[in-house]
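Notes for the one structure printed next.
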Amino acid sequence: MTNMSPFAALTHFAQATAPSAAPAGPGPMWQMLLFYALIAGGFYFLFIAPQRKKQKAHEKMLSELQSGDEVLTTGGIYGVVTNVKEDRFIVRISDTTKVEIAKGFISSVTKRNGVEEKK
């Protein structure tokens, strides 16, 4: 056994060559891509698909609106549709007040021509 100083041991380890690594093959790369694909698929099914389904249902509801339907606006105002235009509705909110509301601001239909809607 030789009497080595601590600094000599550090110098010895610093000069030692690192063990050669195995060449990187296609294994880790496809696993990483699969992982990212699964994450993207999860985001799609958790966030994007339900929102698109909700948006299509809202567009269908707007296309089926007609005079006499009772609606709720995004501002919280209840009214009855009196006239349907291409990009807006004329909504009666009291006996003497009618307002024009853009189609996107109709939140839901509460009654369809006297028939109660289920939520």
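Pairs, please: C-beta under 8 Å, at least 6 apart or cross-chain, first residue in the same structural domain as Thr110 (by TED's automatic domain parsing) and within 16 Å of Arg112 (Cβ to Cβ) and in the range 69-96, second in a strand (DSSP E or B) and among the acidic types (Asp, Glu)?
The qualifying pairs are Tyr78/Glu70; Gly79/Glu70; Val80/Glu70; Val81/Glu70; Phe89/Glu100; Val91/Glu100.
Scan Gly41, Gly79, Gly68 and give me the residue that is surrounded by 14 or more Cβ atoms within 10 Å (Cβ to Cβ) and small (Gly, Ala, Ser).
Criteria check complete, one pass: Gly79.
Taking Thr96, is it exposed (fewer than 14 other Cβ atoms within 10 Å of the Cβ) and in contact with a Ser or Thr (Cβ under 7 Å, 6 or more places away or on another chain)?
Answer is no for this residue.
The values are calculated or read from the model by the stated rules, or taken from the named source; none is laboratory data. Everything quoted here is computed from the prediction, not taken from an experiment. When we count neighbours, we look across all protein chains shown, and the Cβ atoms used for this are built from the backbone with ideal geometry, even at glycine.
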